[in-house]
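Everything below concerns the one structure shown next.
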Amino acid sequence: DMKVTQMPRYLIKRMGENVLLECGQDMSHETMYWYRQDPGLGLQLIYISYDVDSNSEGDIPKGYRVSRKKREHFSLILDSAKTNQTSVYFCATGGPGVNERLFFGHGTKLSVL
Amino acid sequence: SQLAEENPWALSVHEGESVTVNCSYKTSITALQWYRQKSGEGPAQLILIRSNEREKRNGRLRATLDTSSQSSSLSITATRCEDTAVYFCATDADTGNYKYVFGAGTRLKVIA
């Protein structure tokens, strides 16, 4: 069963706290993505990972970093979160290895107060 | 400015009617994808149409691509209430880096 799992589903943090969003996949896809979605702005690409320790910035990487130490796991880290990082974050896998189709998780709704 | 943009922003139709969503993009592409996102879920791919294709079908869905005008359309026939969702187009900007750019989406409501 093809699955992209994001944890947690909901998260509330205070400004200045560190945030760790985790994503797992069971499809052995090389490529993984982190997007954020804000009302009216669609999906914005934060980072893309082409495989373990092979990460590349997307369109809005500022304030974020990523870690991929295993193919099936991709983390998004916010060091000292800001209120403007309140958003819904989506992890996705796929891309070139599966006819360019992206498989998305259910998202993590992050509120930074 | 966004590299991909859907229009209209929102629309509603009655169940059984047909509807078309449009997408315009600003770069050359190797492929364009259409995704649907239902409330509380992540987007799910509907159709991928490559730059050398003009039309692609998937059940009640039909996508067209016009590379000369850098536009695409997604048509849904015999709409159902469960088609209520946000519809996105996504392009790869022909860079070979698989960094897919999504538009802001069209919000479709199908009324019973």
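In segment A:4-112, taking the dipole from charged Cβ atoms about the Cα centre, the farthest positive-side position among A:Met27, A:Gly107, A:Ile48 is held by A:Gly107.
Residue ranking by accessible heavy-atom surface, 1.4 Å probe, largest first, among B:Cys81, B:Cys89 comes out as B:Cys81, B:Cys89.
Amide H contacts of A:Thr86 (H built 1.01 Å from N, in plane; Pro and chain starts excluded): A:Val112 sit under 5 Å, all sequence-distant by 5 or more or on other chains. Taking all protein chains as they are arranged and a probe of 1.4 Å, the heavy atoms of A:Thr31 leave approximately 10 Å² accessible to solvent.
Bridges between two residues of chain A, per DSSP, are antiparallel at a rate of about 90%. Inter-label distance, B:Arg60 to B:Arg80: 0.6 nm, where each label sits 7 Å from its Cα along the C-beta direction.
In what sequence, largest accessible area first, do B:Ser72, B:Ser51, B:Ser28 appear using a 1.4 Å probe?
B:Ser28, B:Ser51, B:Ser72
Each of B:Leu61, B:Ala93, B:Ser24 was scored by the projection of its Cα onto the charge dipole of segment B:4-111, and the greatest displacement toward the positive side belongs to B:Leu61; charges sit on the C-beta of Lys, Arg, Asp and Glu. Take B:Lys26: with every protein chain present and a 1.4 Å probe, its accessible area is about 110 Å². Only protein heavy atoms count here; on that basis, with a 1.4 Å probe, A:Asp38 has an accessible area of about 30 Å².
Rounded to the nearest whole Å², what accessible area per residue is found for chain A with the 1.4 Å probe? Ligands and nucleic acids excluded, the figure is 49 Å² per residue. Legend: residues A:Glu57, A:Glu17, sorted from most to least accessible area (1.4 Å probe; ligands, DNA and RNA excluded), read A:Glu57, A:Glu17.
The values are calculated or read from the model by the stated rules, or taken from the named source; none is laboratory data. This one's a predicted model, so the numbers in the text were calculated from it and none came from an experiment. Positions of Cβ are backbone-derived with ideal geometry, glycine not excepted, and every protein chain shown enters the neighbour counts. Accessible surface areas use protein heavy atoms only, side chains included; no ligands, DNA or RNA. Shrake-Rupley method; radii C 1.70, N 1.55, O 1.52, S 1.80 Å.
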